[in-house]
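Student: Let me begin by handing over the structure; questions about it come next.
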Amino acid sequence: MIGAALDTALDLSVLGGYTRVGYRLRRPWFARLGSMRGRTVLVTGATSGLGLAAAEGFAALGADLWLLARDPERGQDARAAVAERAEGEVRLEICDLAELASVRAFAQRFTARVPQLDVLVNNAGVMTGERELSADGIELTFAVNVVAGFALTNLLLGALRAAAPGPGRVINVSSGGMYAQRLRADDLQSEHGDFDGTAAYARSKRAEVVLTEIWAQRLAGTGVTVNAMHPGWADTPGVRSSLPGFYRITKPLLRTPAQGADTIVWLGSGGPPPESSGGFWHDRRRRPVHLLPRTTETAADRERLWAECERLAARSAPRADADQAARH
């Protein structure tokens, strides 16, 4: 392992730890990843950036890949790119994570065909400039980044429990930006005050980490582990389009998508032991969840987040509700 003092200094410096500099300094201490032949991996948001890089990493280890994408054309391009490096099967499924009906339909199709899932990577995410609503009437950032992953994880628990040899692994892709935000349990959908897309995104990533810890507690002893990670600063389409100013300034220091996705592949291919479930990881090392006292949430905040995710994940699209009422 890299010296703890140097690693911590890199992490706290942010610029040193989150950029390609930190990855290159830590990389010599990374162990070689083992084969994943016979393992099944599902990656959401797999058409570009971290999702595509993670899928390529798992494919190179021999895993059977399922790529979840919203756009069929981009999905086919991604499947072809991953298949070039694959030893196992690579399949594409179309699913719009902004529509819970689509998430449920996919989960039903998937579990009917695949009784065992070894790794679920909840990677898909959005950042909007203005407050928008999903088809289900949920603020879009929270709907895709939090509620969809929560629903999908819950719907696939049976397949994850069946992973053998276990454990079944859930990996939630968060962001280092969550360090600057607290969990606003009283305003999860950014309904109050002026909407700030960057802050809403960071709060959604904070929520993902809180849910990771709760999932780990609830699933203890079931054979399913849940961990979160952040990739550092990586050169992805999402960063280019959503944070153009940041991208222009930091471009020379940004990681490649593969460098950002390395910890995803490490967590899925072996990574930490099962008792490490509930961790927040970066560059293959567990990181603190809070750097600032003001971001610490209460037990009541955590309970409220979980309850609201359960409520929203069960929601039907308003139009579907209206149509159903009209039929009766």
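The values are calculated or read from the model by the stated rules, or taken from the named source; none is laboratory data. Treat the numbers as computed from the prediction; the structure is a model and nothing was measured. Neighbour counts run over all protein chains shown; Cβ positions are idealised from the backbone, glycine included. With ligands, DNA and RNA removed, areas are computed over all heavy atoms of the protein, side chains included. Shrake-Rupley method; radii C 1.70, N 1.55, O 1.52, S 1.80 Å.
Student: In whole percent, what relative contact order does the chain give with Cα contacts below 8 Å and a gap of six or more residues?
Tutor: 19 percent
Student: Taking the radius of gyration and the Kirkwood hydrodynamic radius from Cα positions alone, what is the Rg/Rh ratio for segment 1-130, to two decimal places?
Tutor: 1.05
Student: What are the radius of gyration and Dmax of segment 71-197, computed over its Cα atoms and given in Å?
Tutor: Cα only, segment 71-197: 16.5, 51 Å (Rg, Dmax).
Student: State in Å² the accessible area per residue of segment 71-129; use a 1.4 Å probe, count heavy atoms of protein chains only, and round to the nearest integer.
Tutor: In whole numbers, segment 71-129 has 49 Å² accessible per residue.
Student: Segment 13-84: which GluC sites (Glu not before Pro) are DSSP loop and have at most 12 other beta-carbon atoms within 10 angstrom?
Tutor: Glu84
Student: Considering only DSSP beta bridges whose two residues both sit in the chain, what percent are antiparallel, to the nearest 5?
Tutor: If we restrict to bridges inside the chain, about 10 percent are antiparallel.
Student: Separate question: For segment 16-56, what is the convex hull (Cα atoms) projected area averaged across all directions, in square nanometres?
Tutor: If you wrap the Cα atoms of segment 16-56 in a convex hull and average its projections, you get 4.0 nm².
Student: State the percentage of accessible surface on the chain attributable to carbon and sulfur atoms; use a 1.4 Å probe and exclude ligands, DNA and RNA.
Tutor: Carbon with sulfur: 51 percent of the solvent-accessible area.
Student: Connecting C-alpha atoms closer than 10 Å in a GNM of the chain, tell me which of Tyr247, Tyr18, Tyr201 has the biggest fluctuation.
Tutor: Taking springs between Cα atoms under 10 Å, the residue moving most is Tyr247.
Student: Compute the distance from the alpha-carbon center of segment 19-78 to that of segment 173-248, in whole Å.
Tutor: If we compute the Cα centre of each part, the gap is 20 Å.
Student: To continue, here is another question. Could you work out how far apart the two model spin labels at Gln108 and Glu132 are, taking each label as a point 7 Å from the Cα in the direction of the beta carbon, and quote it in nm?
Tutor: Computed distance between label sites Gln108 and Glu132 equals 2.7 nm.
Student: Okay, next question. Sorted from largest down, give the three principal axis spans of the alpha carbons of segment 177-328, whole angstrom values.
Tutor: 58, 44, 34 Å, listed from the longest principal axis down.
Student: Along Cα→Cβ, 7 Å out, is where each label goes; now give me the distance between the ones at Leu291 and Phe246 in nm to one decimal.
Tutor: 1.2 nm
Student: Just how much of Trp29 is accessible, in Å², when a 1.4 Å probe is used and the result is rounded to the nearest 10?
Tutor: About 130 Å², rounded to the nearest 10.
Student: Then there's this: Express the relative contact order of segment 147-233 as a whole percentage, based on alpha carbon pairs under 8 Å and six or more residues apart in sequence.
Tutor: The normalised contact order for segment 147-233 reaches 43 percent.
Student: At 222 nm, what value in deg cm²/dmol follows for the chain if DSSP H runs of at least 4 each add -39500 (n - 2.57) and the sum is divided by all its residues, to the nearest 500?
Tutor: Result for the chain: -13000 deg cm²/dmol, rounded to the nearest 500.
Student: Most fluctuating residue of Thr298, Thr19, Thr40 in a GNM of the chain with Cα springs under 10 Å: which is it?
Tutor: With Cα springs under 10 Å in the chain, the top fluctuation among Thr298, Thr19, Thr40 is at Thr298.
Student: Indicate the gyration tensor shape class of segment 240-312 (rounded, prolate or oblate), computed on the Cα atoms with a ≥ b ≥ c the square roots of the eigenvalues: a/c under 1.5 is rounded; otherwise a/b larger than b/c is prolate and the rest oblate.
Tutor: It is oblate, given that a/c is not under 1.5 and a/b is not larger than b/c.
Student: Please compute the per residue accessible area over segment 196-299 with all protein chains in place, 1.4 Å probe, rounded to a whole number of Å².
Tutor: Result: 39 Å² of accessible area for each residue.
Student: Test of understanding: in a Gaussian network model of the chain with alpha carbons linked when under 10 Å, which of Ala53, Ala314, Ala86 would top the mean-square fluctuation ranking?
Tutor: Ala314
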